[in-house]
Amino acid sequence: MVTDLAALSRVLYSPTTIALYFAAAFTLLYALTMSVGRHDQQRRGELARRVGGGLAVAGITTHVAHEITRGIAQQRLPLGNMFEVTSLMALVGVVAGLSYLTWIRRRGDLNGFVLLLGGLLMAFAGLLYAEPGPLMPILDTWWRPFHVSLLVTAMGIFAAGFVFNALFLLRDTAELSVAGARTATTRGSTVGAASIEDLDDIDAALEGDDDRVHDVAYRAALRAGVPAGRLAVGTFVGASTVSWVFLTSAPDTASGLARFFSINLALVAAALLARWLVPFVPSTVTLDGLAHRTIAFAFILWTVGTIAGAMWAEQSWGRFWGWDPKETGAFLTWVAYAGYLHARATRGIKGRPAAWIGIGAFVVMMGTYLIANYVIVGLHSYAGL
Amino acid sequence: MNPAVRRRAARRSGPIGFVIESVVMGWRWLVRMRTALLLLGILALMTAVATAVPQYPNVPGTVEAWLAGDQGPGTTVSQALLWIGAFDVYGSTLFLMLLFALFLSLTACLIPRIRAWLRLVRWSQPPLARHRPDEVPDVVDEDPDVVLDRAERVLRAAHWRVRRPEAGEAPPQVAAERGLWSREGGSLVFHLSFYVLLIAIVAGQLLTFEGQRGVIEGEPGFADTEMSYWSYRPGRWFTSDDHAGWRLDLEAFTVDWIRDPTAPGAGQPTEFRSRVAVTPVDGEPFTAEVAGNEPLVVDGRKIHQLDWGYAPYLEVVVDGEVVHAAFITTVAGDDGIFRGAVKAPAAEPDVGLAVELYPYAPDGDDGIPRLTGAPWADAPVIVYEQWRGDLQLGATQQLVTELDTTALTSQGWGFLRPGQDVTIDDVTLRFVELKRWVGFQVSHRPQIPWLLGGSALLVAGLIPALYASRRRLWVTAVRDPETGRTLVHVFGRAFQRPEAFAVERARMRAAVLDRS
C-alpha cells in the first residue's frame, strides 16, 4: 500500500507534472504570440490561452496530488530533503506567480513564462530525486514546517522575480538597440535600421498590408537587438556559476558532466526561447514593477523565515546563530536582495544595474542552496542522497 | 513662496580648515546610497568567502586539513587564505571595520532622514491642485459643495490627510494625501532595529555564559559552578558568582534507531531523550525531560542535550594495585565507531589503552566477534590496544579520547566483552559494565528577548517600508456655467505602486460620486 503510494507519487511527479507544465508553458507562450495581429489570429490565440490555462490547472492538480501522496507514503510533510524542497519551491512559484499575474496584476498573458520556470524547476528537482523516507527525529517538530515553508515560499517567489528581471533585461536590451539604431540612421522612422535587411526577407505575400509589415519588421528588429550568440554564451556561463556544484559532487565524472550540461543547455534553450518572444512581452516599466513587487514580497518572507530559523536553532542546537554554511548562505542571500531593493531605490542605479543585482541575488540564492548541501557539510546538510 | 536658499559657509583654510573640510567631505560620502551599496557589496563578498572557505569556529578539523594540504586547494592557497584571515571571517579585524563603516554610513544616512521625517509628520499638508486635469469629468446634478463635503467625509473615513483650501486660495477642491509617514517611517524603524540588534549582540557577548559537561546515567551528575564544566566559555562580564548553583543528575537516557536494515531510513535515530533530576539551591528537587528541540530551563539557564556516547567502566590493575577504575566516555566518529582512551599515569611505567567500542558485534561461528557499525548495544565489545611508556600528560596537547603514542610501545590488542578480564604481562584489564553518557550544554543568554524585540521591529518596519505607498488625491467640483450641472474630477498620483493606486482611485471616485 505504502510502496504503491510511493510509486504513484513518482509517476505523478515524472512524467505527469513536468509534461503538463511544459505543455501549458508552450501553449500559453504560443497564445502570447497570437495576442497581436489579425482577428482570426487573435481567436486562435484565445483558444490556445484557454487550453494552456486548462493544462496549467491540470499540472498544478497533479503536482498537489504528488505532494499529498508522497506525504502519506512517508507519513510526514514533504519538506525534508532537497528534492522535496525544490519541488515545493516550483509549486509555490507556479501558484503564486500565476495567481499574482492573473488576478492582481491582470497580466495573465505572461503566465507561460511562469510555467516554463515551473517545468524547469521540476525537471531540475529530478536531479536531486530521493525516495520517500522518514525524518530525523531532531527535525520532527513544528518549527520545521514553520521555518522551511516560509523559506521555500520565498524561494519560489524569488524565482518568479528572477524571470521578470531576466525578461526586463532582454526587453530593455532589445528596445535600447532599436532606439539606438533609429536615432543613428533612420531618424525616427518606425522601422529600425537593424530591421532593414529583415524587411527584404519578409514574404512578398504580406506586401500591401502596411501595418502588418511594420509590425513584423519591428518584431524582427527587437529580436535582432539581442545577439543570440552572446545571450547563449552568457546564459551558459551564468548558469555554470551554480551548476559547477554537480561537477564536484556527482558520484562519477560522467553523471556530473551530464547534469552540468543538461542544466546549462536547458537554461540556454529557455533564454533563446525568451529572446524569440521578446517582441511580445510587455514594456520594461511593467516588467521592472513586476520584478520589484515579487522580490519585495519574498524578501519579507525570507526575513521572517530566517529569524524563525534562528529561533529554532536556539531551541534545538543551543545557539541562535553560528555561521553554519546554510546560515551564512541565508544571510548572503538576504544581503544580496537587500542590495537589489536599495539599488532600485537609488537614482542612477535603478533600471539595468538594479536588475543585474537582482539576477545576481538569485544566483547567490541557488548557489548557496546547493553548495551548503553538497559541497560543504554543515548542520543543515539534508540532501538525502 | 520658496524658503530662502541657504548660503554655503565660507571655505575654511589652514590646517584646522583642512581637517574640517575633510570630515565634511567624508560625511557627505558616507551619506550617499552608493556608499551604502558598496559596503553591502563588500559584506556580501566577505560572506561569500565565509560560505566557500571552512570557518575555524565551525569546523576546526576541516581548516586544519586544509592547512595541512589533506583537503582543499593545497597548502599555498591555504596559507594565503590564512594570511588574509579567510578562515575566521567573522572574527577578523576587517569584518569589524566593515561593520563599523556600515553602522557609520547607516547613522549618517539616518540622521537627516529622521529630521526630515519629523518635519514631514509635524508640518506637512496635502498640496493643493492649481489646475484641473485634462480629463473627461463626471457630470452630476448635485451642488458642488455637497460633492466636496461628501468627498471630505469619505476620504477622512478612509484615513486620508485632508485639506480644504481657504476661500480664494485655490479652486474649490478637497486635497488628500496618504502613506506619508508609513513608508518612510517603516523604513526608519527597519534601519533603527539594526541598532537594537547590534547592542543586543554586543551586550550578549559580554553577559553570556556557555558550558558543556557530560553525565553518565545513574552516576553522580554536576552542579552549575565554574569548576564543574568540561568546556567553559563565559562572557567578559560573567563572573563565577552569577552561577545558579543547582545540581543535575541523569536518571535515565533513551535512544533508539530504525533497526530493520531494509526499512527506509535504516539506521536513522528515532528517539533521543534524557530524564534528569534537578536539585535547586533552595527548593524541592524535581525531575524533568530534555530532548532534541526541547531544552529545559532552570533558573534562567537553558539546558540542551547536545551529544551522547557509550561509557564503559574499565579497571586496570598493575601488580595487584588498581591504577584506573572509572567510566570512560567514548565519542562516535564519522564512521560510527565509539572511541575513547584510558590514561593511567599511576602505573610505572604509564599504562595507556586505546579503546574502540563496537555496540553491536555478535560472535561469529568461530567465536570471534563480528564487528558491525550498528549503534545499538545488543552485543557490545571493546577492541583495546594496550600501550606502556610515557603518556606525556601535560607535555603535549592531547584529547581525552586519544593517546599520544609517540613515547609509548604497543603491548598487543584484543577483544573484551562486559564482565570479562584479560591479563597481559603484569597488567590486568577488566571491562566491568557498560553505561551511556549524555553531553549537556548549559547556557545563559540574557540578550535573547532583546534580539527577539529587535527582530520584531525589523519585520514591523519592513512591511510598511515595502508595502505602503505615498499617494495624493484631489477632488474638484465646479458648476458648468453653460449647463448648470456640476463637473467633478477625481485625480491624483502615486509615488509607488501606480497599478494599485489606479484601482484605489477608481474606488474613491465611485465613493465620492456616491455610486458605490
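Just so it is clear, none of the values below were taken in a lab; they were calculated from the coordinates. Note that the coordinates shown come from a computational prediction; the quantities given were computed from them, not determined experimentally. Note that each Cβ is placed from the backbone with ideal geometry, even for glycine, and that neighbours are counted across all protein chains shown.
Taking loop as defined by DSSP and a crowding limit of 14 other beta carbons within 10 Å, which chymotrypsin sites (Phe, Trp or Tyr not before Pro) in the range B:355-442 fit? Passing both the DSSP loop test and the Cβ count: B:Trp376. Treating each Cα of the protein assembly as shown as one equal point scatterer and applying the Debye formula with no solvent, the log10 of I(q)/I(0) at q = 0.04, 0.05, 0.06, 0.09 Å⁻¹ comes out as -0.27, -0.42, -0.58, -1.14. What the Cβ-Cβ distance of B:Arg493 and B:Glu271 gives, at R0 = 56 Å and to the nearest 0.05, is a FRET efficiency of 0.35.
Averaging 1/r over each pair of different alpha-carbon atoms in the range A:1-90 and inverting the result gives 14.3 Å, the Kirkwood hydrodynamic radius. Remark: A:Ile104, A:Ile371 ranked as A:Ile104, A:Ile371, counting other beta-carbon atoms within 10 Å and listing the fewest first. Each Cα pair under 8 Å and six or more residues apart adds its separation to the average, and for chain A the resulting relative contact order is 17 percent.
Considering only alpha-carbon pairs that sit under 8 angstrom and 6 or more positions apart, the relative contact order computed for the range B:275-422 is 15 percent. The order of B:Phe100, A:Phe26, going from fewest to most other C-beta atoms within 10 Å of their C-beta, is B:Phe100, A:Phe26.
Using the Cα coordinates of the range B:338-393, the gyration tensor eigenvalues translate into equivalent-ellipsoid semi-axes of 29, 12, 7 Å, sorted from longest to shortest. Each Lys or Arg adds one and each Asp or Glu takes one away; over the other residues whose Cβ falls under 15 Å from the Cβ of B:Thr47, this sums to -2. Between A:Leu176 and B:Glu142, the distance separating the two model label sites (each 7 Å from Cα on the Cα→Cβ line) works out to 5.1 nm. Counting Cβ atoms of other protein chains within 10 Å of each Cβ in B:49-62 and taking the mean gives 4. In terms of its C-alpha gyration tensor, the range B:190-329 comes out oblate, because a/c is 1.5 or above while a/b does not outweigh b/c.
Each pair of Cα atoms in chain B enters the Kirkwood radius, and Stokes-Einstein at 25 °C and 0.890 mPa s then converts it into a translational diffusion coefficient of 79 µm²/s. Shielding by partners for peptide A:337-345, expressed as the average number of C-beta atoms from other protein chains within 10 Å of each residue's C-beta, is 3.
Across all Cα pairs in chain A, the calculated P(r) in 10 Å bins from zero up to the longest distance comes to 5, 21, 31, 25, 12, 5, 2, 0 percent per bin.
Within a straight-line Cα-Cα reach of under 22 Å, B:Lys343 can be paired with the following lysines, leaving aside sequence neighbours fewer than 8 residues apart in one chain: B:Lys435.
Taking only the C-alpha atoms of the range B:335-444, Rg followed by Dmax gives 15.5, 54 Å.
Take each residue in A:301-307, count the other chain C-beta atoms within 10 Å of its C-beta, and the mean is 3. How big, in percent, is the set of alpha carbon pairs in the range A:225-351 lying more than 19 Å apart? When all Cα pairs of the range A:225-351 are counted, 68 percent exceed 19 Å. Cβ-to-Cβ counts within 10 Å put B:Thr409, A:Thr286, B:Thr254 in ascending order as B:Thr409, B:Thr254, A:Thr286, the fewest first. Using alpha carbon centroids, what distance separates the range B:204-244 and the range B:454-485, in Å? Answer, in whole Å: 57.
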